[in-house]
1. Pick out, from region 56-136, the strands (runs of 3 or more DSSP E) lying fully within it that include 2 or more residues that are in contact with a strand residue (DSSP E or B) (Cβ under 7 Å, 6 or more places away or on another chain) and over 19 Å from Glu182 (Cβ atoms).
2. Here is a list: Arg232, Arg218, Arg170, Arg242. Which entry is open to solvent by 20 Å² or more (accessible area, probe 1.4 Å) and either hydrophobic (A, V, I, L, M, F, W, C) or closer than 30 Å to Trp16 by Cα (or both)?
3. Are any of the residues in region 190-209 of a type in the set (A, V, I, L, M, F, W, C), outside any loop (DSSP other than H, G, I, E, B) and under 26 Å from Phe9 (Cβ atoms)?
4. Just a yes or no: is a residue in region 16-27 aliphatic (A, V, I, L, M), modelled with pLDDT of 95 or more and touching a Leu at 6+ places or on another chain (Cβ under 6 Å)?
5. If you check Ala61 against the conditions, is it open to solvent by 20 Å² or more (accessible area, probe 1.4 Å) and in contact (Cβ under 8 Å) with a residue 12 or more places away in the chain?
6. In the list Gln223, Gln149, which residue meets the criterion of being touching a residue at least 12 places away in the same chain (Cβ under 8 Å), in a loop (DSSP other than H, G, I, E, B) and either closer than 25 Å to Ala99 by Cα or open to solvent by 30 Å² or more (accessible area, probe 1.4 Å) (or both)?
7. Identify, by number, the condition in (1) over 22 Å from Arg202 (Cα atoms); (2) of a type in the set (Gly, Ala, Ser); (3) open to solvent by 20 Å² or more (accessible area, probe 1.4 Å) that Ala175 doesn't meet.
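The values are calculated or read from the model by the stated rules, or taken from the named source; none is laboratory data. From a predicted model like this one, the values you see are computed outputs, not experimental measurements. We place every Cβ from the backbone using ideal geometry, glycine too, and count neighbours over all the protein chains shown. Side chains are part of the model used for accessible areas, which takes the heavy atoms of the whole protein and leaves out ligands, DNA and RNA. Shrake-Rupley method; radii C 1.70, N 1.55, O 1.52, S 1.80 Å.
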Amino acid sequence: MVVTPQTLFTGQQLIWLPTCTSTNSEAQNFVVQNRASDGCTIITDFQTAGRGQRGNHWEGAAAENLMLSVVWQPRFLAAAQQFQLSQAVALGVHDWAAALLGPAPNLKLKWPNDLYYGNQKLGGILIENSLSGTTIQHSIIGIGLNINQQVFDNTTATSFSQVTGRRYLREELVARLLESLERRYLQLRAGQVGHLRQDYLRVLYRYQEEHLFLIEGRPVSGQIVGVEEDGRLAVAVENELRRFGLQEIRHV
């Protein structure tokens, strides 16, 4: 897989593996061995033990999707600002997908950073940060995107091919994705946090809409009203504003 992104550093060191346990694990090995430059990118055709949010397994057919990890060194961010990075990455993925699909009002980011088309998942992001004192030393950005896969065990999953009816050359998609990610990352590095936050809320799945959520094991009607700086989801529930971490609330 040949990739030539027009970037300053993201993807300039690129390692393609036919198969691996997970690209995040491989990226971590490169970091530990001091072999990863800022922007080092690991891509694979197939993961035998891909990981998702909430400890879930990432399902993906061989040679059908995009599975990659990017190593960044966001040492300008404090540990308490980790969600700013999550927003920037999610927006980078959304920008790339929007360019690919054209006008697509159904294309959304489901909190914290899943890519959705309608009510179906197109992709997910898993960010693993390593801290040094009160700052982030390095981040491993794992991204899985359903590109050409046609059959899923999970009925809530879909692919770009299913949405558009066409197949994609994954090699052509990688460079554009890395460019899109770096653009948003550079915005973050330049301190454009308010701009990123605005853009994130603009494309947030079910933002300011009344929907059912699973809270403490029971379905409750609520409305997403924002996201806190620490990444917690702010939801108006039963005439009360409550804030939830990742393990504390689910969409129904």
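1. Those strands (runs of 3 or more DSSP E) span 107-110, 114-117, 120-132.
2. Arg170
3. Yes, the conditions are met somewhere in region 190-209.
4. no
5. Here the answer is yes, as Ala61 does meet what is asked.
6. Result: Gln149 is the single residue among Gln223, Gln149 that is touching a residue at least 12 places away in the same chain (Cβ under 8 Å), in a loop (DSSP other than H, G, I, E, B) and either closer than 25 Å to Ala99 by Cα or open to solvent by 30 Å² or more (accessible area, probe 1.4 Å) (or both).
7. Result: Ala175 fails condition (3) only.
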